[in-house]
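The values are calculated or read from the model by the stated rules, or taken from the named source; none is laboratory data. Everything numeric here is computed off the predicted structure, so don't read it as measured data. Here Cβ is always computed from backbone atoms with ideal geometry, including for glycine, and neighbour counts include all displayed protein chains. The protein model used for the area step is the full one, side chains on, heavy atoms only, and it has no ligands, DNA or RNA in it. Shrake-Rupley method; radii C 1.70, N 1.55, O 1.52, S 1.80 Å.
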Amino acid sequence: MIEEEIARRARLEALRQQGVDPYPASAKRSHHAETFNALFRDLLASREIVTVVGRILAIRKHGGMTFLVVGDESGQLQVALKKDDLGEAVYQSFHDAYDRGDFIEVSGTAYLTKTEEPTVMAQSFRLLTKSLLPLPEKWHGLSDTEIRYRQRYLDLASNPNIRAIFKMRSAVVRAIRSFLDAQNFIEVETPILQPIAGGAEAEPFVTNHNALGADLFLRIAPELYLKRCLVGGFERVYEVSRCFRNEGISFQHNPEFTQVEGYIAYAGLDELIDHLEGLIGVCVKAATGGETVVKHEQESLDFTAPIRRVHFYDLILSKTGIDLQKDNTEATLRLAMKKKGFAEEGIVGFGGLADELWKKEVRPEIIQPTFVTNYPAAMKPLAKRSIEHPEMSSNVQLVVKGQEIVNAFSELNDPLEQEQSFLDQEVLRERGREEAFAIDHDYIEALKIGMPPAAGYGVGIDRLCAILAGTRNIKEVILFPTLKPEQADETV
């Protein structure tokens, strides 16, 4: 136990011996900090008694006056304790018992200091929560990245700009729901525990249901269940879904993440892209207050519609010199990659090789928002093929700062073609591609009942919010990211 905690515990015990409850169940509040500051001139004139609450962020004693900075969720305000007004005993009781980090309730009137600082001149105060551990150092806040992520409560308490990021994220999610609801989408919920991990290429988390005696998977995507809803008669559905992928952790990846998936019956790819521009537009406006240009690190990202559209094959050719329409088999593409010095060993399938070129050589170079269209069909086993070019899929991805933010395509609704696509994935799995799709027989049965032509998409909310927050690390926009376990203290 650190010395500071020992001292605070002593003050806590002294309060209890005096009959003071250091953890009362509730508090009164007439004004938030933001409201008090906004209405200060009126409150100063009216002499109205106000009551404010919040955490003590700073204490500064100046003669017979003590000034506090008190913060609540809306912002900060200044409180003044004056010995002559409160009396010696009450004034001293504050310094005997209160610390930076405590929560306090203060009642008083508006007061303008000599430095013209809006202030609450206290007539009374009450302890709401005794803090036993100190906050990070006053001026610099919490800067240790590891502690910030592992003890996010300290990060939030110390860094108002971090709270602002999560308010922005909340605004983005509300904007998504409002946009979709206004377009007659129905929000649904699909299983998180699934008998088959489907809807994306990824390693799943496996768990076991004791009563059923069966293994289940934490979903890697809600896609196949949402499309079952289209089979059942819904025409516009979406889900803000928590998904899980048992893969590496990086600045772009967290094992559990949030996305919104939406599906539109009877829509084609062009209509879908227009829809996505509208959806991304409201997200950007929710984050920026209306601007379509986002400041990201040292760059400005322009989300103004229409967003640039580029063909996947053209990008691969221009960046690597490899023509996928000529080197269109696994053997020829592998040879072309080997000749140019690109990694290809241990990668299975034409789609896997194309994906390696894309992720390692091409995608990192795309900075401005760009819709990339028509990936190889082998990379998109749930998408329809392009009518003009059957070797390509009818799909689009939104790429920003080298990251895939949106994945969308015309949905494959031919049950026989989908079944064969699943079987092709099984072959890749047997060859060692562990993340390949597993066949979902019930989904095939659903398609046999009949699913209307449709377009669908997934938007990675974590990645999008990281872009909108101006950071490349999604841990900055996930309240409690997954972290490596702390090392045990070997001296214990």
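A few points about this structure:
- When residues of region 435-460 are limited to those that are open to solvent by 70 Å² or more (accessible area, probe 1.4 Å) and charged (D, E, K, R), the one nearest to the chain's Cα centre (by Cα): Asp442
- Within region 353-402, considering residues that are assigned to a strand (DSSP E or B) and of a type outside the set (A, V, I, L, M), the one farthest from Asp270 (Cα to Cα): Pro376
- Where a residue in region 11-34 is in contact (Cβ under 8 Å) with a residue 60 or more places away in the chain and at negative phi and its partner, wherever it lies, is exposed (fewer than 15 other Cβ atoms within 10 Å of the Cβ) and among the basic types (Lys, Arg), with Cβ under 9 Å and at least six apart: Pro22/Arg16
- Residue in region 360-377 that is more than 23 Å from Val396 (Cβ to Cβ), within 25 Å of the chain's Cα centre (by Cα) and open to solvent by 20 Å² or more (accessible area, probe 1.4 Å) present: no
- The condition of being crowded, with 17+ Cβ neighbours inside 10 Å and either touching a helix residue (DSSP H, G or I) at 6+ places or on another chain (Cβ under 7 Å) or without any contact (Cβ under 8 Å) to a residue 60 or more places away in the chain (or both) holds for only one of Leu416, Leu468, that being Leu468.
- Within the option set Gly349, Gly341, Gly432, being on the phi > 0 side of the Ramachandran plot, in contact (Cβ under 8 Å) with a residue 60 or more places away in the chain and open to solvent by 30 Å² or more (accessible area, probe 1.4 Å) holds for one residue only, Gly432.
- Entry remark, region 298-332: residues being under 13 Å from Gln368 (Cα atoms) and either touching a residue at least 60 places away in the same chain (Cβ under 8 Å) or not in a loop (DSSP other than H, G, I, E, B) (or both) number 9 in total.
- Among residues of region 481-492 that are in a loop (DSSP other than H, G, I, E, B), none has a Cβ under 7 angstrom from a residue that is open to solvent by less than 100 Å² (accessible area, probe 1.4 Å) and modelled with pLDDT under 80 at a sequence gap of 6+ or on a separate chain.
- Top-ranked residue in region 151-196 [being open to solvent by 70 Å² or more (accessible area, probe 1.4 Å) and in a helix (DSSP H, G or I); ranked as farthest from Phe217 (Cα to Cα)]: Asn161
- Selection within region 73-111 - within 13 Å of Phe125 (Cα to Cα) and part of a strand (DSSP E or B): Val79, Ala80, Leu81, Lys82, Phe103, Ile104, Glu105, Val106, Ser107, Gly108, Thr109
- Residue match in region 259-278 (condition: among the β-branched types (Val, Ile, Thr), open to solvent by 30 Å² or more (accessible area, probe 1.4 Å) and in a helix (DSSP H, G or I)): no
- Residues satisfying the stated conditions in region 17-43, i.e. closer than 23 Å to Phe94 by Cβ, exposed (fewer than 11 other Cβ atoms within 10 Å of the Cβ) and among the charged types (D, E, K, R): Lys28
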